């Protein structure tokens, strides 16, 4: 009996020695995984081609700037003042003005979407102007199916009318105080400068979460993952060996995306490259950990891709302050955003690109991303150990 116990203890001790962390074994796993990634065309496409495509889309196809909005100006009054006001509308570079003399000419264009709104200068415009009547000088009609654009057309048309009317009253003394607004970090108010840093976060999410989930799930499908788990390598070695090559791919993709943002799309880089690399490296921890956790729960590529899409890409796109401001969301949704790693990465990237190295912003975000990533890795390690046993 004592002989059997001593034999079991010896077997357990030898198994523990085999499972002990070995740097040489880890390096062999990293080389094996790197060669496999380099031989897979889909991996290279996701890592290096997809970022370029997404940046091009966000830089040129997605824009929050309202410029050259198609707007009609209907001149019903034959007076000289009406003609001058119409000329003031035509002179602005923010509206693409189409002049007409009958509102029926532009009404159908508004319905078809050819125009986003139109301004009517009524027949009694001269009388309203002379009498300083309380009723408005013009009528502004906009397409409410595009609320943001409709609000822009209304506000800008009202501003054009008010500016033109103020210029007529030469007896009004000049204002002693002139307000000159200043927009920090993005003086030109170009949405591209805000969108592209956020797009880099979306790209990193795809590379880290979806690529890792698909690649590991593919090995489960082919049965090669069981072969790796049956080797003397420990769980830590297997996890690091699997993820380190994709970590390097993610960092290279970040550098290439940042280079495109600065040198091609004209986004300023006011922070340091070191801060950008640090933020990206810490963000890769929750991204890779989430992808590994998904692959340990879903062992086929289709299911892994769907879970990665709904738990990784969509939250990063919708709940990270990339396109939609978190402060404008309902309270329950704002609470959910605290668990989205991309929330902290998007804010940090906008800061490093547009403001500079502001560590008061970086440090809390780095801590949050590291905490979420650690949680993902702990759960993924337990799930992998369960599969190993």
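Each value in this text was obtained by applying a stated rule to the coordinates, not by laboratory testing. Owing to the predicted nature of the structure, the values given are computational and were not obtained by experimental measurement. Neighbour counts are summed over all protein chains in view; Cβ atoms, including those assigned to glycine, are modelled from backbone coordinates with ideal geometry.
Here are several values of semi-axes √(5λ) of the Cα gyration tensor in Å: [x] 32, 25, 24; [y] 44, 31, 24; [z] 61, 20, 17. Which one was derived from the coordinates shown?
Calculated semi-axes √(5λ) of the Cα gyration tensor in Å: the matching label is [z].
Rounded to the nearest 5, what % of the DSSP beta bridges within segment 69-168 are antiparallel ones?
If we restrict to bridges inside segment 69-168, about 25 percent are antiparallel.
Please list 209-220, 97-108 highest first by mean number of surrounding beta-carbon atoms within 10 Å per residue.
209-220, 97-108
Return a whole-number percent for the relative contact order of segment 69-168, with Cα pairs under 8 Å and 6 or more residues apart as the contact set.
31
Given a cut-off of under 8 Å on Cα pairs at least six residues apart, what relative contact order in percent is computed for the chain?
The value is 19 percent.
As I understand it, the value is the acute angle between the Cα axis of helix 341-354 and the longest principal axis of the Cα atoms of the chain; what does it come to in degrees, rounded to 10?
On a 0 to 90 degree scale, this one is about 60.
Using a/c under 1.5 as the rounded threshold, could you call segment 69-168 rounded, prolate or oblate? The axes a ≥ b ≥ c are square roots of the C-alpha gyration tensor eigenvalues, and prolate needs a/b larger than b/c, oblate otherwise.
It is prolate, given that a/c is not under 1.5 and a/b is the larger ratio.
Kindly express, to the nearest 10 degrees and within the range 0 to 90, the angle between helix 147-168's C-alpha long axis and the longest C-alpha principal axis of the chain.
The angle comes out near 40 degrees.
Ranking 32, 350 by Cβ neighbours within 10 Å, fewest first, what do you get?
Sorted ascending by nearby Cβ count, the order is 32, 350.
Once you have a ≥ b ≥ c as the square roots of the Cα gyration tensor eigenvalues for segment 246-382, tell me rounded if a/c is under 1.5, and otherwise prolate or oblate according to whether a/b is larger than b/c.
prolate
Based on the mean of other Cβ atoms within 10 Å per residue, sort peptides 73-84, 334-345 so the most packed one is first.
Going by the mean number of other Cβ atoms within 10 Å, highest first, we get 334-345, 73-84.
Report, for the chain, the % of DSSP beta bridges that are antiparallel, rounded to 5.
Beta bridges within the chain, antiparallel portion: roughly 25 percent.
Round to the nearest 10 and give me the degree value, 0 to 90, for the angle of helix 273-297's Cα axis relative to the longest principal axis of the chain.
Value to nearest ten degrees: 60.
Per-residue counts of other Cβ atoms within 10 Å, averaged by peptide: what ranking do you get for 123-131, 237-245, highest first?
Most protected by this proxy first, the peptides run 237-245, 123-131.
For segment 329-379, rounded, prolate or oblate, judged on the Cα gyration tensor with a ≥ b ≥ c (square roots of eigenvalues), a/c < 1.5 rounded, else prolate if a/b > b/c?
oblate
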